[in-house]
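The values are calculated or read from the model by the stated rules, or taken from the named source; none is laboratory data. In this text, all values refer to a predicted model and were calculated from it rather than measured experimentally. Cβ: placed from backbone, ideal geometry, glycine included. Neighbour counts: every protein chain shown. Side chains included, ligands, DNA and RNA excluded: accessible areas come from the protein's heavy atoms. Shrake-Rupley method; radii C 1.70, N 1.55, O 1.52, S 1.80 Å.
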Amino acid sequence: TPPTRAMAGNTVILAILLLLATTVAACTSDADCNLNGFCRNSQCACTAIWTGADCGQLALARAPAANHAALIPSNDTSRWCAGAIQDDAGTWHLYSALMDLKCGLNSWQRNSVITHATSANAAGPYSNEEIIDLYFAHNPKPIRAPDGTYLIYFIGCGNKSSTPITTCTNGTTPLGAASAAPPSPHAPSLDGQIACGIQATSILSSPSPNGPWTMQTVIGPNPNTSVPFPRSVDNPSAYIFPNGSVIVLFRSYSSEHLFYHSDIGIARAPSWRGPYTIDPEPLFARFQEDPFVWYQPETESFHALFHNMGGCLDVGCHAWSRDTHKWTLSLIPAYEKIIYFDDGSQIHMKRRERPQLIFDRSGRPTHLINGVQPPQSDGGQEDKTFSIAVPLVYTGSNHNAL
């Protein structure tokens with residue numbers, strides 16, 4: 001979404017604040033290290049996957065140059081959000097949003113389907129791809145519950161609830177093909193109260209990473225349209241506590257009075273099955289989307305990544321919390337648009353969004369996933385995209401980080 005005048009003004013203010021912040025090198029508490037390290041002798045000592053003077057940047061290694069580190073290499077398809085999880089036997093399972101029928105990202109509201117693929121390696125390449133939920137289904141984020149159940153939080157109704165574009169080629173959407181919004185929500189959830197759709201959060205659940213899957217819609221927007229928040233509950237990302245209770249960070253979108261709003265909210269439930277209650281206010285007063293939330297045991301704190309829409313100074317924003325109720329958004333970007341490869345090359349991506357971390361079975365984060373759009377044109381609406389995994393540097397000193 002193009003930035004508004006208000007968002008541009010926020011960026012100028014943030015740049016000034018960042019300049020002032022960077023003039024003070026010394027830390028006085030762990031909070032000055034973004035809870036990604038410890039303040040020792042007035043200097044931040046960063047934990048394993050973080051680097052920088054205030055531990056505000058992800059320590060990213062160079063990505064494999066082969067296939068530009070694409071999780072599923074392809075010359076004629078586009079995909080966007082993706083998340084991976086490892087099963088008990090060690091196999092990796094990737095769940096991603098594919099723009100079906102060889103369409104590009106601009107078709108997402110009509111052509112997005114959720115697919116499943118497998119690999120022996122966390123970063124792929126993944127193969128044996130199959131569709132597990134038809135259009136419209138988008139924004140898959142897999143997680144495993146303490147009882148072993150595999151869950152995929154997503155938006156949409158699936159089950160051919162939208163009319164796809166059928167004239168695409170080469171992973172791009174043809175000129176003049178409108179990416180119309182899906183039809184109004186029509187399919188009830190299992191409890192019969194919340195309708196699925198583009199503005200609601202649903203869950204696919206299964207005892208196996210291979211399915212079969214059962215769908216349940218669990219969080220919807222405030223039915224009182226006079227209440228400004230939340231107008232939607234999309235881009236969901238869940239963290240499940242050992243006792244089974246859950247928090248879900250989500251994006252609430254609205255556009256009114258010529259101003260675009262993209263706020264981050266939080267919902268809570270005693271179980272992934274619900275019922276969910278939404279905190280009454282957004283977490284931040286700045287524009288963010290695409291949250292990904294996790295718990296960092298090294299500093300006993302909660303963290304989240306976002307796609308920046310006016311909250312920090314590059315595409316990847318980071319926030320932290322000690323208790324999930326009060327969150328602090330860092331000015332320092334966690335990552336940038338440039339992808340560095342192990343052959344010495346680099347690509348300045350046109351877009352780099354949809355952050356997710358990959359964790360191994362021990363709970364250690366190993367890779368950062370993003371949906372990316374390269375700068376070159378591929379015809380049509382120039383909307384060809386793919387999902388990429390960049391390794392995280394996991395050393396105490398982080399001296400190998402870029």
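Answer yes or no: is there a residue in segment 263-284 that is surrounded by fewer than 24 Cβ atoms within 10 Å (Cβ to Cβ) and in contact with a helix residue (DSSP H, G or I) (Cβ under 7 Å, 6 or more places away or on another chain).
No, segment 263-284 contains no residue that is surrounded by fewer than 24 Cβ atoms within 10 Å (Cβ to Cβ) and in contact with a helix residue (DSSP H, G or I) (Cβ under 7 Å, 6 or more places away or on another chain).
When segment 42-51 is examined, which residues are found to be open to solvent by 30 Å² or more (accessible area, probe 1.4 Å) and not in a strand (DSSP E or B)?
S42
Only one of (1) part of a loop (DSSP other than H, G, I, E, B); (2) modelled with pLDDT of 95 or more fails for D32. Which number is that?
Here D32 clears every test but (1).
Identify, by number, the condition in (1) over 18 Å from Y150 (Cβ atoms); (2) at pLDDT 95 or above; (3) not in a loop (DSSP other than H, G, I, E, B) that N243 doesn't meet.
Condition (3) is where N243 drops out.
Conditions: (1) without any contact (Cβ under 8 Å) to a residue 60 or more places away in the chain; (2) under 30 Å from T277 (Cβ atoms); (3) aliphatic (A, V, I, L, M). V315 meets all but one. Number of the miss?
Of everything listed in (1) without any contact (Cβ under 8 Å) to a residue 60 or more places away in the chain; (2) under 30 Å from T277 (Cβ atoms); (3) aliphatic (A, V, I, L, M), V315 misses just condition (2).
When segment 52-95 is examined, which residues are found to be assigned to a strand (DSSP E or B) and either under 30 Å from A31 (Cα atoms) or open to solvent by 50 Å² or more (accessible area, probe 1.4 Å) (or both)?
Of everything in segment 52-95, those that are assigned to a strand (DSSP E or B) and either under 30 Å from A31 (Cα atoms) or open to solvent by 50 Å² or more (accessible area, probe 1.4 Å) (or both) turn out to be Q57, L58, L60, G83.
Here is a list of conditions, (1) closer than 15 Å to V315 by Cα; (2) surrounded by fewer than 21 Cβ atoms within 10 Å (Cβ to Cβ); (3) touching a Phe, Trp or Tyr at 6+ places or on another chain (Cβ under 8 Å); (4) not acidic (D, E), and R352 meets all of them except one; can you say which number that is?
(2)
With respect to F302, determine if the residue is open to solvent by less than 20 Å² (accessible area, probe 1.4 Å), touching a Cys at 6+ places or on another chain (Cβ under 7 Å), part of a strand (DSSP E or B) and at pLDDT 95 or above.
No.
Would you tally the residues in segment 135-163 being modelled with pLDDT of 90 or more and either small (G, A, S) or crowded, with 20+ Cβ neighbours inside 10 Å (or both)?
The total comes to 20.
From the list Y295, Y253, which one is assigned to a strand (DSSP E or B), open to solvent by 10 Å² or more (accessible area, probe 1.4 Å) and more than 23 Å from I49 (Cβ to Cβ)?
Exactly one of Y295, Y253 is assigned to a strand (DSSP E or B), open to solvent by 10 Å² or more (accessible area, probe 1.4 Å) and more than 23 Å from I49 (Cβ to Cβ), namely Y253.
In the list I388, I347, I358, which residue meets the criterion of being crowded, with 21+ Cβ neighbours inside 10 Å, touching a helix residue (DSSP H, G or I) at 6+ places or on another chain (Cβ under 9 Å) and not in a loop (DSSP other than H, G, I, E, B)?
Every option except I388 fails the conditions.
Taking the condition within 20 Å of F359 (Cβ to Cβ), of a type in the set (G, A, S) and in a loop (DSSP other than H, G, I, E, B), does G311 pass?
When the stated conditions are applied, G311 does not pass them.
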